[in-house]
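Since every read-out is calculated from the coordinates, none of them should be taken as a lab result. A quick note: this is a predicted structure, and the numbers were derived from the prediction, not measured. Here the Cβ positions follow ideal geometry from the backbone for every residue, glycine too, while neighbour counts run over all protein chains shown.
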Amino acid sequence: MEELKNRILQDGKVINNEILKVDSFINHQIDVELLNNISSFLASHFENVNKILTIETSGIAFAIGVAQQLGNIPVVFAKKSKSALTDNNVYSAEVKSFTRKINSTVIVDKRFLKEGENILFVDDFLAEGNAALGLLDICNQAKCNVLGLAVVIEKSFQGGREKLEEAGVKVISAASIGNFENNTPIFD
Ligand code: 5GP
């Protein structure tokens, strides 16, 4: 999406040629008109979706945007938890945080994922793919069908797409960054 690429160039800040900060329009302050346009673009690539799944916190806004475009379907967000291992009522997975470099356990209550449901993942960023692989693990436990990942910004040089496609997950991104050069995004 040209609109998103232009906004990234205008307002994004790159840290150490690795992390893109988009907190003035994507994940702290949110430009709702842009969110609606991105959500409509992402939703147009998927059909027969029963439910959206994301991880708290920054994926939730776009998950709702895409869910509205797909007919106000439910949104579930995996929660970061400390006591998951003792709880039989939740599905859980270990996820390495790209930005904080720590592992955390994410959980989804078993009531909110049913066998045979068609699930679409939504997130703000795709980097190494660990967040989406964690959600895939949870969906496999719940015997759900994963239709794909709809992501706002992909950093294609960090390998997430390859891992997900290898696992059979279709990936659609609204903007794909092939590299950072001198802290400037170079789009694919
Ligand atoms: P992955 O699990 O694919 O390695 O990383 C995806 C998650 O890490 C996203 O949910 C996002 O919260 C965070 N993330 C990865 N790269 C960036 C980035 O460049 N900027 C920001 N703001 N978050 C990122």
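Ordered from longest to shortest, the equivalent ellipsoid semi-axes for the stretch 65-114 are 24, 17, 6 Å, each the square root of 5 times a Cα gyration tensor eigenvalue.
Sequence-ordered 3J(HN,Hα) estimates for the stretch 155-172 from the Karplus curve with 6.51, -1.76 and 1.60 and θ = phi - 60° stand at 10, 5, 7, 9, x, x, 4, 4, 5, 6, 5, 4, 8, x, 9, 6, 10, 10 Hz, glycine and proline given as x.
Count Lys and Arg as plus one, Asp and Glu as minus one, and take only other residues whose Cβ is under 9 Å from that of residue 160; the net charge is then 0. Once the Kirkwood radius over Cα pairs is known for the stretch 1-108, the Stokes-Einstein relation at 25 °C and 0.890 mPa s delivers a diffusion coefficient of 156 µm²/s. Entry for the stretch 74-188 at q = 0.22, 0.23 Å⁻¹: log10 I(q)/I(0) = -1.25, -1.33, Debye formula applied to identical alpha-carbon scatterers, no solvent contribution.
Against the chain, whose longest principal axis comes from its Cα atoms, helix 60-69 is set at around 80 degrees.
How charged is the neighbourhood of residue 9? Take every other residue with its Cβ under 12 Å from the Cβ of residue 9, and add Lys/Arg as +1 and Asp/Glu as -1. So the surrounding residues net to 0.
Amide H to amide H distances under 5 Å link residue 177 with 154, 155, 156, 188, where only residues 5 or more positions off or on other chains count and H is placed in the peptide plane.
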